[in-house]
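Enquirer: Handing you this structure, nothing more for now.
The values are calculated or read from the model by the stated rules, or taken from the named source; none is laboratory data. Computed from a predicted structure; not experimentally measured. Note that each Cβ is placed from the backbone with ideal geometry, even for glycine, and that neighbours are counted across all protein chains shown.
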Amino acid sequence: MTDAALYQSILASLPEIVVVTGACILLVLGQIVPKGPGHFLVWASAATVLVAALATLLLAGEVRPAHSGMFIADRFAVFFKMVFYLSTILTFLLSRKYAEIEGIALSEYYVLLLFALCGMMIMASATDLLSVYVGLELMSLSTYVLTGFLRQQRRSNEASLKYVILGGVSTGIFLYGVSLVYGLTGTTQLDGMAAAVTGDPLDPGLLLAVVFIVAGLVFKVGAVPFHMWVPDVYEGAPTTITAFMSVAPKAAGFAVILRVFLNPLVAASDAWIIVAVIAVVTMALGSFVALVQDNFKRLLAYSSIAHAGFAMFGVVAGGADGIASVMLYLLIYTFMNLGIFGTVIMMRNGDFSGEVIEEYAGFAKSHPGLALLMLLYLFSLAGIPPTAGFFAKFYVLVALIERGFVVLAVIAVLLSAVAAYFYIRIVMVIYMREPERAFEPALTPSVRATLALTAAGTIGIGLFPAWFLRLAQSSVFGG
Amino acid sequence: MAFPLLSLIVFMPAAGAAVLMFLRSDDAVRWTALGVTVLDLALCIAMLAGFDTTTHEMQFTETRPWVPALGITYALGIDGISALFVFLTALLGWICVLASWVAIDRKVKEFMVSLLAMQALMLGMFCALDLFLFYVFWEAMLIPMYVIIGVWGGDGRVYAAFKFFLYTLAGSLLFLIGVIALYFHGGETFDILALTAQDLPFRVQSWLFFAFLIAFAVKVPMVPVHTWLPDAHVQAPTAGSIILAGVLLKMGAYGFLRFSLPMLPEASVHYSTLMLALSALAIVYGGLLALAQDDLKKLVAYSSISHMGFVTLGIFTLNLRGLEGGILQMFNHGVTTGALFLFVGLIYERTHTRSFADYGGLMKAAPVYTAFLALFTLSSMALPGTNSFVGELLVLSGAFAANLAVGAAAVLGALLGAAYLLGMYRKVALGPASVGARFKIRDVNAREMVAILPLAAFVLWVGLYPKPFLDIIDASAKHLLAQVHGRGDGP
C-alpha cells in the first residue's frame with residue numbers, strides 16, 4: 001500500500017479511529033479515576049461521539065474508497081453513521097440516571113457502547129463481506145455483554161446467554177455463506193458477489209450461500225424467521241440497552257442489507273420475492289403477537305419486529321425511492337422509538353419497574369405533559385399524521401406503489417391497522433384509567449433533553465419532512 | 001399573495017389550543033375557548049361575505065411548497081361546496097364549547113384543547129386543495145376524537161373509542177393506498193384540481209372508486225359499515241356527539257363530492273345504481289333501527305344513519321336537484337341533528353338517564369325546552385317550513401328522476417322518520433309528568449339559550465328562504481355535474 005493510499009484510508013476511516021481511540025482511553029481512565037464523579041464518563045463518551053460526528057461531516061464532501069476496496073466512506077454511510085451517533089448519544093443521556101439506579105454505572109458500560117458504535121459504523125461502510133463480518137462481530141460481542149450487564153438478575157443473564165448462542169450460530173451461518181461465496185467466485189467483494197448471484201443460470205451453491213448470508217443479516221434486524229431472540233433479549237437487557245438495540249444495530253443490519261440487496265445487479269433479479277415474504281411474515285407476526293403483551297418492553301420488542309417488517313417493504317420496493325424510504329424510516333424510527341423508551345426508562349425509579357403496561361394507569365392525571373409526550377410517540381409509532389411516523393410509512397408506501405406492488409402495500413396498511421391497536425391501548429391505559437398509585441419519574445435534565453430532542457424529531461419531521469426527505473434521497477448510493 | 005384568510009381560520013383554533021395549555025383556571029380555559037371559537041366564526045362570516053357565488057372556481061386560494069420532492073403543496077381554497085361546511089364547522093364550534101360548559105367538569109383544559117384541535121383539523125380538511133394535506137387533516141382527526149370519546153365519554157367509552165378508531169383507521173388506510181395510486185396515475189401530483197382534470201382509464205377509476213368508497217362509507221356511515229356510529233354517539237360527551245353528527249359524518253359525503261365524483265366520473269356513473277341502492281338501504285334500515293330504540297341518544301344516532309342515507313342518495317342521483325338537495329341536506333343535518341344531540345345532552349345533565357321509560361310530561365316542567373325540542377324534531381322529520389323539508393324535497397325529486405324504486409324506498413324512510421320522531425317526542429314531552437316530579441327539572445338557562453337560538457334560526461331561515469344557501473352551492477354543483485357527465489355538455 002502506497003503512502004497516499006494509506007493516507008486516504010486513514011482519512012476515510014477517521015471517524016472509526018476516533019471512536020476506537022476514545023473507547024480505549026476511556027477504558028483505561030475508567031480504572032484510574034476513582035468512582036464517584038461518574039458524570040465525567042457520560043460526557044467524555046458523548047464528546048467522543050461528537051468528535052467522530054464532526055469528522056464524519058467534514059469528510060462527507062467526497063466518496064472515499066479505502067482499505068483496498070473493503071471500505072467506503074460515501075454519503076450512504078454518512079447518513080447511517082448519523083443515525084448511529086444520534087441513537088448512541090441519546091442512549092448515553094438516558095443511561096446516566098438509569099445506570100446509577102441499577103448500579104451498572106461502570107466505565108465498561110460506556111466503553112462497550114462505543115465499541116458497538118464502531119462496529120456499526122464499519123458495517124455501514126463495508127463493501128466486502130469480510131469487513132461486514134468484522135463490524136458485525138464487534139457490534140454483536142459488545143451487545144452480548146451489555147445485554148447481560150444486570151449481573152444480579154437471572155433474566156438479564158438468561159437473555160445474554162440466549163443472545164450469545166443464537167447470535168453466535170447466526171454469525172457462523174453468515175460466515176459459512178461467505179466462505180461458499182469465496183469458494184465459488186473467488187471474491188468476497190459485494191460487487192463481485194452480486195455479479196455472481198445474478199449470473200445465468202443461477203448456481204444452486206451460490207443460492208445456498210445467499211440464503212446463509214441473508215439468514216445472518218436478517219437475524220440482526222430481528223425479522224422472521226430469525227426473530228425468536230428479540231422478545232427475551234429485549235425484556236432481559238437493561239432498558240437503556242434495549243432502547244439502543246431496538247434502533248442502532250437494526251439500522252446497521254439494514255445498511256448492510258441495502259448494500260447487498262440493492263446492488264443494481266441483485267435488484268434486477270428475483271431476489272425481492274424472498275425479501276417480500278420475509279417482510280409480510282415479519283410484520284404480521286410482530287403486529288399480532290404484540291396484541292397480547294402485558295410487558296411494556298416485550299410489547300416494544302414485538303413492535304420493533306413489526307417495524308422491521310415495514311422497513312423491509314422499502315427494501316422490496318428497491319430503486320432510489322425504496323432505499324431512501326428505508327433510510328428515512330430508520331431515522332424517524334430512531335426518534336420515536338427512543339422517545340417511547342425514554343419515557344419507560346424514566347419511570348424506573350425506586351421500586352417501580354415501569355415494565356407492566358397496566359401500572360401506567362392514570363398516568364395522564366398526575367403528569368399531563370409527559371403523558372402527552374407518550375401519546376405523541378405512540379401515535380407516531382402507529383403512523384397517524386401529523387407525526388413523523390406517518391410520513392415514514394407514507395414514503396415506503398409511495399415507493400412500493402411506484403414499483404407496482406399494490407397488493408403488498410394493501411397488506412402493509414392492513415397490518416399497520418392491527419398494530420395501531422396495541423399502541424392506542426397504551427394511550428387508553430394512560431388516559432382513560434383511574435390512577436392506582438403515585439408516579440415519581442426520574443426526570444433528570446439529561447432525560448428531559450432526550451425527550452425534548454426525540455419529541456422535536458417526531459413532530460418536526462412530521463410537519464416539515466421536505467428537508468429530511470431530500471437528505472435521504474441524496475444519500476442513496478449510486479443515485 | 002392575498003391575505004391568508006383561510007389559514008387564519010384554520011389555524012386560529014390550533015393557536016387557541018396552544019394558548020389553553022398555559023392557562024391554569026378552568027374558567028379562564030372555558031372563556032378563552034369560547035372567545036377563540038366565536039372569533040373563528042366571525043372570520044368565517046367575513047369569508048362568506050366576500051364569497052363570490054357566481055363562480056365555481058376555488059376562492060381565497062393559498063399555495064406554498066411543502067414537500068417539493070413528492071409534489072406535495074400546502075394549498076387551501078374553497079368553492080361553493082366547501083364554503084358551506086367551513087361555515088357549519090365554525091358555527092358548531094362555539095356551540096360545542098357552550099354545550100360542554102358545565103357538562104365537562106374534570107380535565108377541562110385537556111377537553112377544550114382536544115375540541116379546538118378537532119375544529120382546526122376539520123376546517124383544514126374542508127379547505128385543503130392538496131390530497132396529501134387533506135389526508136393529513138382527515139387522519140389526524142382520529143387522535144383528538146379518540147381522546148374525546150375515550151376520556152370524557154359514558155360507561156362504555158373505551159370500547160366505543162376503540163371501535164371508532166379502528167373502523168375509521170382501517171377505512172382510511174385503504175384510502176391512502178388509493179391516494180398514492182392516484183398520485184402515480186395522475187402525473188405525480190397531489191394537487192386536487194390537477195387530479196380532477198385527469199382522464200383516467202375506467203379500470204383504474206373502478207379500483208380507486210372502491211378504495212375511496214370504503215373510507216367514505218365508514219365515515220358517512222353507510223350500511224353495512226355503520227356499526228361504530230351508535231356506540232361512538234351514545235358514549236361520546238355531548239360536544240363529541242355534536243361534532244360527530246354535525247361535521248364528521250359530513251366528511252365522507254364531502255369525500256364523494258370532492259374526489260369520487262369529479263376525479264372518477266365514469267366509475268361514479270357506472271356504480272351510481274349500487275350507491276343509490278346502498279343509500280336507500282341506509283334510509284330504511286336506519287329508520288327501522290331508530291324505531292326500535294328505547295334510548296334517546298341511540299334513537300338520534302340511528303336517525304343519523306337514515307338521514308345521511310338521504311345525503312348520499314341525493315349525491316348519487318347525479319342530477320342537479322338531487323345533488324343540490326344532498327349538499328343542502330348535509331348542512332341541514334349538521335344543524336338539526338347537532339341541535340338534537342345538544343337537547344339530549346341538556347336533558348341528560350338534568351336527569352342522568354336517557355331511557356324513554358324514565359321520561360314523560362316534560363312539557364309542564366320545562367316548556368321552553370320542549371317547545372324548541374318540538375321545532376328540531378319537526379325539522380328532523382322534514383316538515384314544510386323547516387330546513388330539512390327543502391333538502392329532502394330536492395333529494396326526493398332527484399331520486400324519482402333517477403330511479404323510481406329508490407325514490408319509493410326513500411319516501412318509506414321519510415315515513416319511518418315521522419314515526420320514530422313523533423314517538424320520541426310523545427314519550428319525552430307528553431304524557432304524565434313523571435320526570436319533572438322526580439328530578440325537579442329546570443328549564444333552559446341563558447347560556448343554553450344562546451347555544452340553541454342560532455340553530456333554531458338556521459332551521460327556519462333555510463326552511464323559509466333557502467335561496468342564499470342554494471346560491472352558494474349552485475355554481476359549484478353545476479360545475480361538478482358537468483364534470484361527471486363529460487366536460488362541456490352539462491347535465
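Enquirer: State whether one or more residues within region B:189-196 are without any contact (Cβ under 8 Å) to a residue 24 or more places away in the chain and surrounded by fewer than 22 Cβ atoms within 10 Å (Cβ to Cβ).
Expert: Yes; the residues of region B:189-196 include at least one that is without any contact (Cβ under 8 Å) to a residue 24 or more places away in the chain and surrounded by fewer than 22 Cβ atoms within 10 Å (Cβ to Cβ).
Enquirer: Take B:L320 and tell me if it is in contact with a helix residue (DSSP H, G or I) (Cβ under 9 Å, 6 or more places away or on another chain), surrounded by fewer than 24 Cβ atoms within 10 Å (Cβ to Cβ) and more than 19 Å from B:G431 (Cα to Cα).
Expert: yes
Enquirer: Do the conditions hold for B:F389, that is, is it of a type in the set (F, W, Y) and over 18 Å from B:S306 (Cβ atoms)?
Expert: no
Enquirer: Only one of (1) outside any helix (DSSP H, G or I); (2) within 24 Å of the chain's Cα centre (by Cα) is not met by B:R24, so which one is it?
Expert: (2)
Enquirer: Can you name the residue in region B:181-215 that is assigned to a loop (DSSP other than H, G, I, E, B) and within 14 Å of another protein chain (Cβ to nearest Cβ) and, of all such residues, is nearest to B:D130 (Cα to Cα)?
Expert: Result: B:F190.
Enquirer: If only one of A:S9, A:S45 is part of a helix (DSSP H, G or I), in contact with a Phe, Trp or Tyr (Cβ under 7 Å, 6 or more places away or on another chain) and among the polar types (S, T, N, Q), which one is it?
Expert: Exactly one residue qualifies, and that residue is A:S45.
Enquirer: Oh, and also: How about region A:124-139: which of its residues are free of Cβ contacts under 8 Å to residues at least 60 places away in the same chain and either at positive phi or not aromatic (F, W, Y) (or both)?
Expert: A:V134, A:E137, A:L138 - these are the residues of region A:124-139 that are free of Cβ contacts under 8 Å to residues at least 60 places away in the same chain and either at positive phi or not aromatic (F, W, Y) (or both).
Enquirer: For B:E392, work out the one condition from (1) at pLDDT below 90; (2) acidic (D, E); (3) more than 17 Å from B:K297 (Cα to Cα) it doesn't fulfil.
Expert: Here B:E392 meets the rest and fails (1).
Enquirer: Here are the criteria: (1) buried (at least 20 other Cβ atoms within 10 Å of the Cβ); (2) within 14 Å of chain A (Cβ to nearest Cβ). Tell me which single one B:D40 does not satisfy.
Expert: Of the numbered conditions (1) buried (at least 20 other Cβ atoms within 10 Å of the Cβ); (2) within 14 Å of chain A (Cβ to nearest Cβ), the odd one out for B:D40 is (2).
Enquirer: Scan region A:449-479 for residues that are over 22 Å from the mean Cα position of the chain (by Cα), at pLDDT 90 or above and either away from every other protein chain (no Cβ under 12 Å) or closer than 18 Å to A:I357 by Cα (or both) and report the count.
Expert: 0
Enquirer: Sticking with this structure for a sec: Go through the residues of region A:345-353 one by one and say whether even a single one is buried (at least 22 other Cβ atoms within 10 Å of the Cβ) and facing chain B (nearest Cβ under 8 Å).
Expert: Checked against the condition, which is being buried (at least 22 other Cβ atoms within 10 Å of the Cβ) and facing chain B (nearest Cβ under 8 Å), region A:345-353 yields no hits at all.
Enquirer: Here's another thing I want to ask about it. Among (1) in a helix (DSSP H, G or I); (2) farther than 24 Å from A:P385 by Cβ, which single condition is A:E434 missing?
Expert: Of everything listed in (1) in a helix (DSSP H, G or I); (2) farther than 24 Å from A:P385 by Cβ, A:E434 misses just condition (1).
Enquirer: All but one of (1) at pLDDT below 90; (2) touching a Leu at 6+ places or on another chain (Cβ under 7 Å) hold for B:L323, so report the exception by its number.
Expert: (1)
Enquirer: Which ones in region A:356-393 are under 19 Å from B:F165 (Cα atoms) and facing another protein chain (nearest Cβ under 8 Å)?
Expert: A:L375, A:F379, A:I384, A:P385, A:P386, A:F390
Rundown of residues vs (1) among the charged types (D, E, K, R); (2) facing chain B (nearest Cβ under 9 Å); (3) farther than 19 Å from A:S353 by Cα, yes/no style:
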site: A:L400; (1), (2), (3): no, yes, yes
site: A:V407; (1), (2), (3): no, no, yes
site: A:S416; (1), (2), (3): no, yes, yes
site: A:Y421; (1), (2), (3): no, yes, yes
site: A:V429; (1), (2), (3): no, no, no
site: A:M432; (1), (2), (3): no, yes, yes
site: A:P435; (1), (2), (3): no, no, no
site: A:A438; (1), (2), (3): no, no, no
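Enquirer: Related question: Answer yes or no as to whether A:G404 is surrounded by fewer than 24 Cβ atoms within 10 Å (Cβ to Cβ) and part of a loop (DSSP other than H, G, I, E, B).
Expert: yes
Enquirer: Exactly one of these conditions fails for A:V210: (1) in a helix (DSSP H, G or I); (2) under 30 Å from A:M245 (Cβ atoms); (3) at pLDDT 80 or above. Give me its number.
Expert: (3) is the only condition that A:V210 fails.
Enquirer: Starting from region A:423-443, take each residue that is of a type in the set (F, W, Y) and list its partners that are at pLDDT 85 or above and surrounded by fewer than 16 Cβ atoms within 10 Å (Cβ to Cβ), counting only C-beta distances under 7 angstrom and pairs at least six apart or across chains.
Expert: As it stands, the answer is A:F439/A:S366, since those pairs meet every condition given.
Enquirer: On to the next question. Taking B:V390 as the residue in question, decide whether it is in contact (Cβ under 8 Å) with a residue 40 or more places away in the chain, in contact with a Pro (Cβ under 7 Å, 6 or more places away or on another chain), buried (at least 23 other Cβ atoms within 10 Å of the Cβ) and in a helix (DSSP H, G or I).
Expert: So B:V390 fits the description; yes.
Okay, residues lined up against (1) free of Cβ contacts under 8 Å to residues at least 60 places away in the same chain; (2) surrounded by fewer than 21 Cβ atoms within 10 Å (Cβ to Cβ); (3) basic (K, R); (4) assigned to a loop (DSSP other than H, G, I, E, B):
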site: B:S268; (1), (2), (3), (4): no, no, no, no
site: B:L274; (1), (2), (3), (4): yes, yes, no, no
site: B:A277; (1), (2), (3), (4): no, yes, no, no
site: B:L299; (1), (2), (3), (4): no, no, no, no
site: B:M330; (1), (2), (3), (4): no, no, no, no
site: B:T336; (1), (2), (3), (4): no, no, no, no
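Enquirer: Next up: Output the residue which, of all residues in region B:1-13 that are surrounded by fewer than 18 Cβ atoms within 10 Å (Cβ to Cβ) and hydrophobic (A, V, I, L, M, F, W, C), is modelled with the lowest pLDDT.
Expert: Selected residue: B:M1.
Enquirer: Can you tell me which residue in region B:49-67 is nearest to the other protein chains (Cβ to nearest Cβ), limited to those that are of a type in the set (A, V, I, L, M, F, W, C) and either crowded, with 17+ Cβ neighbours inside 10 Å or outside any helix (DSSP H, G or I) (or both)?
Expert: B:V67
Enquirer: Can you list the helices (runs of 4 or more DSSP H) found entirely within region B:92-180 that contain at least 1 residues being farther than 26 Å from B:I214 by Cβ and within 12 Å of chain A (Cβ to nearest Cβ)?
Expert: It comes to B:108-127, B:142-152.
Enquirer: So which residues in region B:68-91 are in a loop (DSSP other than H, G, I, E, B) and either closer than 30 Å to B:I452 by Cβ or away from chain A (no Cβ under 14 Å) (or both), if there are any at all?
Expert: B:D79
Enquirer: Oh, and also: May I ask you to list pairs of residues, at least six apart or on different chains, whose Cβ atoms are under 8 Å apart, with the first in region B:236-260 being touching a residue at least 60 places away in the same chain (Cβ under 8 Å) and the second being surrounded by fewer than 24 Cβ atoms within 10 Å (Cβ to Cβ) and hydroxyl-bearing (S, T, Y)?
Expert: Matching pairs, first to second residue: B:T238/B:Y348.
Enquirer: Which residues, taken from region A:148-181, are within 20 Å of A:G135 (Cα to Cα) and either part of a loop (DSSP other than H, G, I, E, B) or without any contact (Cβ under 8 Å) to a residue 12 or more places away in the chain (or both)?
Expert: Passing the criteria: A:I165, A:G168, A:V169, A:G172, A:S179.
Enquirer: Can you confirm whether region A:370-390 contains a residue that is under 21 Å from A:M428 (Cα atoms), small (G, A, S) and over 21 Å from the mean Cα position of the chain (by Cα)?
Expert: Within region A:370-390 (the criterion being under 21 Å from A:M428 (Cα atoms), small (G, A, S) and over 21 Å from the mean Cα position of the chain (by Cα)), the answer is yes, since at least one residue qualifies.
Enquirer: Okay, next question. For the condition modelled with pLDDT of 90 or more and not hydroxyl-bearing (S, T, Y), what is the one hit in A:L408, A:L443?
Expert: That would be A:L408, the only listed residue that is modelled with pLDDT of 90 or more and not hydroxyl-bearing (S, T, Y).
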